[in-house]
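Accompanying notes for the structure given below.
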Amino acid sequence: MFNVFKGQVLETRNRIAMAPMTRSRTSQPGDVPNEIMATYYRQRASAGLIVTEGAPVSAVGRGYSMTPGIYTEEHIEGWKKVTQAVHEEGGKIFIQLWHVGRRSHSDISGMQPLAPAAIKIADQVFGPLPEGGFGMIETETPREMTLQDIKDTTAAFVQAAKNAIEAGFDGIEVHAAHGYLFDTFLRSESNQRNDQYGGSQENRMRFLVDTLQALTNEIGGGRVAVRLSPHIGEGFAGDDAEIVPLTLTLLEKLQPMNLAYVHFSENISRYVEVPEEFREQVRRIYTNPIMVAGKLTKQSAQRLLDKQYVDFVAFGTPFVTNPDLVARFTHDLALAEFDADARLTLYGGGEEGYINYSTYQA
């Protein structure tokens, strides 16, 4: 159960991953990773693989306040505390590279958000409130990206990946899900360009494919992963009938890159259930490692592994209140609930609701 995984480059002591979760606990100014974050990740290092909270690759890529960047020397030095802590416990850790695209506000990033087209929908993100403090604020209309913006963004991801390796990470995961930048390029509702990055499915996936290829060229495919969410409508006003077939075509393009894994996010926000047929299609097309996250239980996760639909199963909120989640699964111990109090301390704050959750007590 949840046994060792051995891939081309990545080897983990179990198949349980800690899914990326924004926690907004950085040191200010500068959004720098710190000791409390190192403690948080150390406590959860029994996971076969940790995927960090999203780390913006640039200032304009930032969409939530107090999230840790990976584009300055201070960020690199801060993340070294985290990777050292996880490695001292025998764990593996990938950093999630993030550009939120239109899901932002200039009060957070200091500049107008970027997107494939200047299209806004009703949406909120965690940022500074007019009356002081932080809370959920409405996003603003983005600026359509120029060709130079696209080129610069790919370069920012490559530099961020190099920074991540310098900081001691075992690899990187590109966030291309949940209505963030790459996801908005993939979908016709948000991508209304008439150049080589818009229109056809081939054009809409070009930005992501080119960026992933640049990353694999720089640090090797075995250290690169990507997160997708074709069955989630978060960050969009409507549904996209083409996103599932586009995703299957995308996987064909990713197959020869021999990525560390492809990570599917499911069953959150506005979503549809993933049909069995999709999982079968994915496995026929894509033979490299696959991870799935989204309200899994121990039992539903094991079923996915037993059917060989996935190689990793990722858990998010259970890891918030159960730093020893792997041990609890292994020994069939009860889980501490992720309740209303836990939700209140999910974003921002200090130790409470972050590193004060205990291991199992009989």
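Numbers at a glance
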item	result
Within the range 216-225, tally of residues that are of a type outside the set (D, E, K, R) and in contact with a Ser or Thr (Cβ under 9 Å, 6 or more places away or on another chain)	2
Among residues of the range 297-313, those that are closer than 24 Å to VAL224 by Cβ and either part of a loop (DSSP other than H, G, I, E, B) or modelled with pLDDT under 95 (or both), counted	4
Hits in the range 282-307 - residues which are polar (S, T, N, Q) and farther than 21 Å from LEU254 by Cβ	THR297, GLN299, SER300, GLN302
Residues being of a type outside the set (Asp, Glu) and either without any contact (Cβ under 8 Å) to a residue 60 or more places away in the chain or farther than 30 Å from THR211 by Cα (or both) - total across the range 140-162	11
Selection status of VAL274, touching a Gly at 6+ places or on another chain (Cβ under 9 Å), over 20 Å from ARG204 (Cα atoms) and of a type in the set (A, V, I, L, M)	yes
Residue within the range 322-337 that is in a helix (DSSP H, G or I), among the polar types (S, T, N, Q) and closer than 18 Å to TYR271 by Cβ present	no
Test: residue in the range 64-87 that is in contact with a strand residue (DSSP E or B) (Cβ under 7 Å, 6 or more places away or on another chain), basic (Lys, Arg) and closer than 24 Å to ASN322 by Cβ	no
Qualifying positions in the range 185-209 - closer than 22 Å to ARG227 by Cβ and either modelled with pLDDT under 95 or of a type in the set (Asp, Glu) (or both)	GLU189, GLU202
Complete set of residues in the range 91-128 that are part of a loop (DSSP other than H, G, I, E, B), surrounded by fewer than 21 Cβ atoms within 10 Å (Cβ to Cβ) and in contact with a helix residue (DSSP H, G or I) (Cβ under 7 Å, 6 or more places away or on another chain)	GLN112
Condition check for VAL9: surrounded by fewer than 18 Cβ atoms within 10 Å (Cβ to Cβ), assigned to a loop (DSSP other than H, G, I, E, B) and touching a residue at least 24 places away in the same chain (Cβ under 8 Å)	yes
Any pair with Cβ under 9 angstrom, 6 or more apart, that starts in the range 99-111 at a residue that is at pLDDT 95 or above and ends at one that is part of a helix (DSSP H, G or I) and hydroxyl-bearing (Ser, Thr, Tyr)	HIS99/THR153; VAL100/SER109; GLY101/THR184; ARG102/THR184; ARG103/THR184
Residue within the range 197-217 that is closer than 30 Å to ARG42 by Cα and of a type in the set (Phe, Trp, Tyr) present	no
Any helices (runs of 4 or more DSSP H) falling wholly within the range 130-240 and containing at least 3 residues that are more than 27 Å from ILE108 (Cα to Cα) and either out of contact with any Pro (no Cβ under 7 Å at 6 or more places or on another chain) or small (Gly, Ala, Ser) (or both)	201-204, 206-219
Count - residues of the range 27-86 that are outside any helix (DSSP H, G or I), touching an Asp or Glu at 6+ places or on another chain (Cβ under 7 Å) and among the β-branched types (Val, Ile, Thr)	3
Matching residues in the range 12-26 - criterion: being under 23 Å from ILE268 (Cβ atoms) and either in a loop (DSSP other than H, G, I, E, B) or of a type in the set (S, T, N, Q) (or both)	ARG15, ALA19, PRO20, MET21, THR22, ARG23, SER24, ARG25
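The values are calculated or read from the model by the stated rules, or taken from the named source; none is laboratory data. Keep in mind it's a predicted model, so treat the numbers as computed, not measured. FYI the Cβ positions are ideal-geometry reconstructions off the backbone, even for glycines, and counts take in every protein chain you see.
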